[in-house]
Amino acid sequence: MSEVIKSRQKRRIFTSSGIVSICGIVYQVLYGAAGSYLFGNSTFFYSLTIGLFLSGMGIGAMHSEKFHKNLISTFIMTEYLIAMIGGFSIFFLFYMQVNFGDSIAKIFLYTVIIITGYLTGLELPLLIRKSEEINADLKESTAKVLFFDYAGSLIGTITFALLLRPSLGLIRTGFLIAFINIIVAVWLSFSFKDEVKNKATKFIGFILMILIILGFLFGEKYTHHLEKKLYRDPIIYNQETEYQRIVMTKAPQDLRLFLNGQLQFAESDEYRYHESLVHIPMSLSKGHENVLILGGGDGLAIREVLKYEGVKEITLVDLDPKMTQLAKEHHELKRLNQAAFDSEKVNVFNDDAFTFLNESKDLYDVILIDLPDPNNENLNKLYTWEFYSLVRNHLSEDGFTSIQSTSPVFATEAFWTISNTVKYTGLHVDNYHLDIPSFGNWGFTLASRKPFTIDEIELSIETKYLTDEMIPALFHFGKDEDEEIIHNNKKVELPVNSLNRPNLLDYYEKAWKYY
């Protein structure tokens, strides 16, 4: 073999190692993202994914010792297997979750992670040995293949986070990466045609290309049909944004919004939630001029705030621009929020609430915190004493804040941990709750810089649910939902939730595991 041909083949091996390493790292973060999206607790699933994947790679690397002949052919078949398993993995994960539930879906995901890791562990040793065959210099071959592998890993992680997941979503990303695996395999089958003489190898590659392309084109559409089984009512809108999956369903007089599969409101009873969130702190606050809403991208809290004539400016901070745009433009949401975003008093900032408060210099008479439950690390950040300290710093002297705090019945420890965390900032705190049929019993944390009494509450606007007489009753809790939590005849001392010690996550996951 001439030196020119050897040099060309070595370059193709190094290039292939870089490309397949990109694919391998993308599969790894793809599985972690899918697990955290479907099952929550992103730290756990990313950690487990890395552990299982690397263990699989170790087994694959060890098993690669058994391959000494037909190295390129073996590598090509490995790529075909990775493409089929990795490409269809997320599609079948959704299928398993919809049809068989979380337990079977988790077992499927763990199995796929280990197998993909095993096959990925085979790749580099095969390429290193082939490079050694051509070059007869093991040190140089190993160093260059590993260089391209590590460089490719960096490219893969950045590309997934900034481009693939936001633009393609999880299912299409899987199929795209699988297609790249097959392209590399077919390319090498032609580059090493003297070694890969079996025409069936190339034929299989082209057949798999067709299957993967069909999966890319139609897999997500079929998954949308599967997803309908998860919802009671017909889906009228669904979109996967950079930050979350938005789904709206519609039945007669009951529009429902879901974010990442979790119900955010039901039209039939959302007024109970939003009246309680808004009107209790608004009734206590001496001023109404400047109101800040953190979350609440559906506009329903804005609708309630606009009932007060003294309001001059409403600032809404919601991370996802797609959510606020939907609330501004979709006829069903606009009907429900009464075109709240059309008011000249409303200013919308699509920003992280923590970042916004950290950078803002303004004070507010009322701060309404209408954020999703703390079911992952990103949301937990918005339930820490560091975050509530920022909230305190932006409250006017006589201002009030109301915080949605999950359920004191279903998640008692989580609810009172939030209350305890707010108290830790030095704010004066009281708690209240109510029954919302679509959610169950739901709770709020009320806080102010100064001591206050709920006897001062007097509604000045029209409501559908709240009355002056009933409001004091909302501040009383039964024995099984009270702050006095007893386990094994011993009082539970609840911690403060912080960035460094996200205790709330554990309480939340434990509480909602079976709901």
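Before moving on, here are some points about what is shown:
- When 42, 7, 17 are checked against the criterion of being assigned by TED's automatic domain parsing to the domain that holds residue 108, small (Gly, Ala, Ser) and more than 35 Å from the chain's Cα centre (by Cα), 7 stands alone in meeting it.
- Of the residues 357, 379, the single one that is touching a Pro at 6+ places or on another chain (Cβ under 8 Å) and either under 29 Å from residue 33 (Cβ atoms) or hydroxyl-bearing (Ser, Thr, Tyr) (or both) is 379.
- Hits in region 416-464 (condition: part of a helix (DSSP H, G or I), free of Cβ contacts under 8 Å to residues at least 60 places away in the same chain and closer than 21 Å to residue 506 by Cβ): 422, 423
- All positions within region 191-217 that are out of contact with any Ser or Thr (no Cβ under 8 Å at 6 or more places or on another chain) and small (Gly, Ala, Ser): 191, 200, 215
- Output for region 129-184, where each listed residue is charged (D, E, K, R), in contact with a Ser or Thr (Cβ under 7 Å, 6 or more places away or on another chain) and modelled with pLDDT of 85 or more: none
- Exactly one residue out of 56, 51, 60, 32 is under 29 Å from residue 197 (Cα atoms) and either in a helix (DSSP H, G or I) or modelled with pLDDT under 85 (or both): that is 60.
- Only listed residue being surrounded by fewer than 17 Cβ atoms within 10 Å (Cβ to Cβ) and in a helix (DSSP H, G or I), chosen from 213, 204: 213
- Considering residues of region 164-195 that are assigned to a loop (DSSP other than H, G, I, E, B) and of a type outside the set (A, V, I, L, M, F, W, C) only, the residue nearest to residue 75 (Cα to Cα): 195
- Close pairs (9 angstrom Cβ cut-off, 6 or more residues apart or separate chains): assigned by TED's automatic domain parsing to the domain that holds residue 308 in region 334-356, outside any helix (DSSP H, G or I) and of a type in the set (Lys, Arg) anywhere: 345/312
- Test: residue 477 is assigned to a loop (DSSP other than H, G, I, E, B), over 19 Å from residue 370 (Cα atoms) and in contact with a Leu (Cβ under 8 Å, 6 or more places away or on another chain): no
- Hey, residue 267 in contact (Cβ under 8 Å) with a residue 12 or more places away in the chain, of a type in the set (Asp, Glu), outside the structural domain of residue 312 (by TED's automatic domain parsing) and crowded, with 16+ Cβ neighbours inside 10 Å or not: yes
- Among the residues of region 421-452, the ones that are in contact with a Gly (Cβ under 9 Å, 6 or more places away or on another chain) and among the hydroxyl-bearing types (Ser, Thr, Tyr) come to 2 in all.
- The one condition from (1) assigned to a helix (DSSP H, G or I); (2) more than 17 Å from the chain's Cα centre (by Cα); (3) farther than 16 Å from residue 174 by Cα that residue 79 does not meet is (3).
- Unmet requirement for residue 182, which otherwise passes all of (1) in contact (Cβ under 8 Å) with a residue 40 or more places away in the chain; (2) within 15 Å of residue 16 (Cα to Cα); (3) exposed (fewer than 15 other Cβ atoms within 10 Å of the Cβ): (3)
The values are calculated or read from the model by the stated rules, or taken from the named source; none is laboratory data. The model shown is predicted, which means the values in this text are computed figures rather than measured ones. Because the Cβ atoms are built from the backbone with ideal geometry, glycine has one as well, and the counts that use them run over all protein chains shown.
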